[in-house]
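To start, the structure itself, in structure tokens.
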Amino acid sequence: MNIILLGPPGAGKGTQAERLEKSHRMIQLSTGDMLRDEVTSESELGRQAKEIMASGELMPDDIVVQIVAEQLCRDECEFGFTLDGFPRTETQARALDGIMIDKGLKLHGVIEMKVDDDALTERITGRYSCAKCGAGYHDRFQRPKVEGVCDECGSTEFNRRADDNEEAVRHRLAAYHAVTEQILPFYREKGILRTVDGMATIDEVTKQIEDAIEQLQ
């Protein structure tokens with residue numbers, strides 16, 4: 001089974017992709033991870049990507065498409081894959097169609113994780129993690145059992161992402177609505193788009209995604 005998870009940053013795509021990898025052996029292909037791996041490899045493509053990332057510019061379609069094409073050749077994709085963070089534009093969506101045809105693969109479905117902007121902003125801006133073990137917490141929804149002490153390792157140091165502030169989150173959401181959300185009609189016309197409630201509990205979202213996959217098989 002090969003699917004795309006679509007949704008704005010913070011919608012929970014990575015969490016659900018990890019669950020699909022465990023339950024269906026569908027390898028998670030995250031654009032962010034792929035770019036970082038390419039940079040670490042110090043390949044020619046990685047060096048180009050590093051320079052662009054350092055400049056703060058958006059990654060050109062041709063570089064992202066090339067990296068995804070290479071990843072789809074991995075043996076681990078034998079049981080299927082979940083694309084997380086790609087495609088972001090209709091140009092990338094059409095390029096993915098070409099890649100799939102060239103490799104004799106089929107895209108079975110696109111699952112949109114629909115969210116409420118205000119609720120998602122609260123979810124993202126309130127999150128933080130243990131600086132030592134990475135355990136995740138939230139100002140409102142998941143505080144440590146003992147205030148200021150990590151439940152998992154007992155550390156008293158915590159981190160917040162610098163871009164997990166309301167201005168940055170609103171900017172990312174606006175970019176998603178203006179660009180990535182516009183590819184939904186492209187997949188709707190193909191009859192492979194399904195929508196789930198991304199604001200439900202993690203387990204409920206998983207159930208909705210499993211139901212959607214069953215429909216798409």
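Hey, among the residues in the stretch 131-179 that are at pLDDT below 95 and of a type in the set (Gly, Ala, Ser), which one's surrounded by the most Cβ atoms within 10 Å (Cβ to Cβ)?
Taking the candidates together, the pick is ALA135.
In the stretch 55-91, how many are at pLDDT below 85, farther than 24 Å from GLY10 by Cβ and of a type in the set (Gly, Ala, Ser)?
Of the residues in the stretch 55-91, 1 are at pLDDT below 85, farther than 24 Å from GLY10 by Cβ and of a type in the set (Gly, Ala, Ser).
Out of the stretch 2-60, which residues are among the small types (Gly, Ala, Ser), assigned to a helix (DSSP H, G or I) and within 18 Å of the chain's Cα centre (by Cα)?
Result: GLY14, ALA17, SER23, GLY32.
Under 9 Å by Cβ, and 6 or more places apart or on different chains, what pairs join a residue from the stretch 172-196 that is under 18 Å from LEU96 (Cβ atoms) with one that is of a type in the set (Phe, Trp, Tyr) and crowded, with 17+ Cβ neighbours inside 10 Å?
LEU193/TYR187
Name the single residue, out of those in the stretch 180-217 being in a helix (DSSP H, G or I), more than 30 Å from LYS132 (Cβ to Cβ) and hydroxyl-bearing (Ser, Thr, Tyr), that is modelled with the lowest pLDDT.
By that ranking, first place goes to THR180.
In the stretch 165-177, what residues are in contact with a Ser or Thr (Cβ under 6 Å, 6 or more places away or on another chain) and under 16 Å from GLY12 (Cα atoms)?
The one that is in contact with a Ser or Thr (Cβ under 6 Å, 6 or more places away or on another chain) and under 16 Å from GLY12 (Cα atoms): VAL169.
Restricting to the stretch 18-65, and then to whatever is in contact with a helix residue (DSSP H, G or I) (Cβ under 6 Å, 6 or more places away or on another chain) and among the charged types (D, E, K, R), can you tell me which residue is surrounded by the fewest Cβ atoms within 10 Å (Cβ to Cβ)?
So the residue we want is ARG25.
Go over the candidates GLU76, GLU112 one by one and state the one that is in contact (Cβ under 8 Å) with a residue 12 or more places away in the chain, surrounded by fewer than 19 Cβ atoms within 10 Å (Cβ to Cβ) and acidic (Asp, Glu).
Residue meeting the stated conditions: GLU76.
The values are calculated or read from the model by the stated rules, or taken from the named source; none is laboratory data. Remember, it's a predicted structure, so these values are computed and weren't measured experimentally. Methodologically, a virtual Cβ is constructed for each residue, glycine included, from the backbone with ideal geometry; neighbour enumeration extends over all protein chains shown.
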